[in-house]
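Working notes for the structure below.
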Amino acid sequence: MSSCSACSQLISVTERLTCSHCSRNYHYTCVNYNKENFSKITTRAKSSWKCPECKQPRRNGDNSETPVKEVLENVSEIDHVPSASSSFHIFDERLAQFEVSMFAKIDKLIADSIGKRFKEDFESLRKDMKLISELTKSVEFMSSKFDEINKELSELRSETIGLRAENAHLRENVIELNTKMSLMEQRARESNIEVHCIPEHSNENLVNSILQLTKVVGCPIEEREILACSRVSRINTKSTRPRSTIVKLASPRARDSVLAAYYKYNKLNPSNKLSSSDLGIGGDKQPIYLMEHLSPNNRALHAQARIFKKDNQYKYVWVRNGRVMLRKDDSSAAVWVKNTETLKNLINK
């Protein structure tokens, strides 16, 4: 074994290159060969190989060792492979390595330049990205809450629609029940007559006054047919009119007979209608009015009907068997005013 002229280490035959000019031995790694290139050098190329010192140009003017020739010899020694395609392959690898190295250096330069110039901007951008992430979470949270609220709102809307329908149904039921209650209250008064404006006296006898009234109108009744007779309190305490008198007769038929006789008497005596003097009551002459005894609801309905008649040019309003009736004119049909809804419907029409 021989030693390397460059590193003075022993060289094995498989790692040795011998200069064809000075016969000195070198490790192939000491003369810038790698294992792959060294394995591709042919025996002929190895026999003509020259060490770096022998490749230096001569000073005596010999042009055999020119730089161009040296480059050509190095290329021929390194790339002296069995085929031309292998030579181009090795050249492409060298070029690729050079390209990768250059791009790495360029990337590093660019990264250093950008990092120094825009570091603060990147930090600001990173913070903004963090804020965007937090904002995204907040938006997602609000979106989920909005979905929950929207769902609850839809449920409440459906519930409200159901409650409105139920409320309308209950309102109809209440109106119907009020109508039935009013009919029942009115039916309890179906034998009663309400007499207005009979003068009050401390020692008055209302039963005798009612008996005298029935005689005057031409429908006399017996005392046993009067089941009850009394005055009722005033609705308006400030009114100076005498308190009304409620007379309960034996039957609705007796009531209707007395009322019919009263209407006939006033019609036959338009200038001398029924008054207090006809009952034998002294003092100023006061007109006497008879009507059916109405329930509180029908009384209020009757008052509204009279106002409606005046405001809407209706000609007639009257009470028959506890029912409040309206008629537009002589040629119109009579309308039973069951409740205030009837008056509203008439206004709409």
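The values are calculated or read from the model by the stated rules, or taken from the named source; none is laboratory data. All figures in this text were calculated on a predicted structure; none of them were measured in a lab. Don't worry about glycine lacking a Cβ; one is built from the backbone with ideal geometry, like all the others, and counts go over all protein chains shown.
Numerical summary
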item	result
Test: residue in region 19-32 that is at pLDDT below 70 and either touching a Leu at 6+ places or on another chain (Cβ under 7 Å) or assigned to a loop (DSSP other than H, G, I, E, B) (or both)	no
Test: residue in region 69-76 that is out of contact with any strand residue (DSSP E or B) (no Cβ under 8 Å at 6 or more places or on another chain), among the aliphatic types (A, V, I, L, M) and modelled with pLDDT of 60 or more	no
Extreme residue, surrounded by the most Cβ atoms within 10 Å (Cβ to Cβ), among residues of region 185-208 that are out of contact with any Ser or Thr (no Cβ under 8 Å at 6 or more places or on another chain) and outside any loop (DSSP other than H, G, I, E, B)	Ile193
Leu163, sole failed condition from (1) at pLDDT 90 or above; (2) under 17 Å from the mean Cα position of the chain (by Cα); (3) of a type in the set (A, V, I, L, M, F, W, C)	(2)
Among the candidates Ser158, Ser182, Ser154, residue that is at pLDDT below 95, touching a helix residue (DSSP H, G or I) at 6+ places or on another chain (Cβ under 6 Å) and part of a helix (DSSP H, G or I)	Ser182
Verdict on Ala250 being of a type outside the set (Lys, Arg) and either over 18 Å from Val319 (Cα atoms) or modelled with pLDDT under 90 (or both)	yes
Members of region 237-275 that are loosely packed, with under 15 Cβ neighbours inside 10 Å and of a type in the set (A, V, I, L, M, F, W, C)	Ala250, Ala260, Leu268
Region 21-35 residues that are on the phi < 0 side of the Ramachandran plot, paired with ones that are hydroxyl-bearing (Ser, Thr, Tyr) (beta carbon under 6 Å, 6 or more apart)	Arg24/Ser5; Asn25/Ser2; Asn25/Thr18; Tyr26/Ser5
Total residues in region 167-187, condition over 42 Å from the mean Cα position of the chain (by Cα) and touching a residue at least 40 places away in the same chain (Cβ under 8 Å)	6
First in region 322-348 and closer than 28 Å to Ile193 by Cα and without any contact (Cβ under 8 Å) to a residue 24 or more places away in the chain, second anywhere and among the small types (Gly, Ala, Ser) and surrounded by fewer than 18 Cβ atoms within 10 Å (Cβ to Cβ), Cβ under 8 Å, 6 or more apart	Met325/Ala334; Leu326/Ala334; Arg327/Ala333; Arg327/Ala334
Subset of region 278-305 (residues that are of a type outside the set (Asp, Glu), within 13 Å of Glu194 (Cβ to Cβ), surrounded by 13 or more Cβ atoms within 10 Å (Cβ to Cβ) and in contact (Cβ under 8 Å) with a residue 12 or more places away in the chain)	Ile288, Tyr289, Leu290, Met291, His293, Leu294, Ser295, Asn298, His302
Per-region count, region 188-224, residues touching a residue at least 24 places away in the same chain (Cβ under 8 Å) and closer than 19 Å to Ala261 by Cα	19
Ile235 vs. criteria of a type in the set (Val, Ile, Thr) and over 60 Å from the mean Cα position of the chain (by Cα)	no
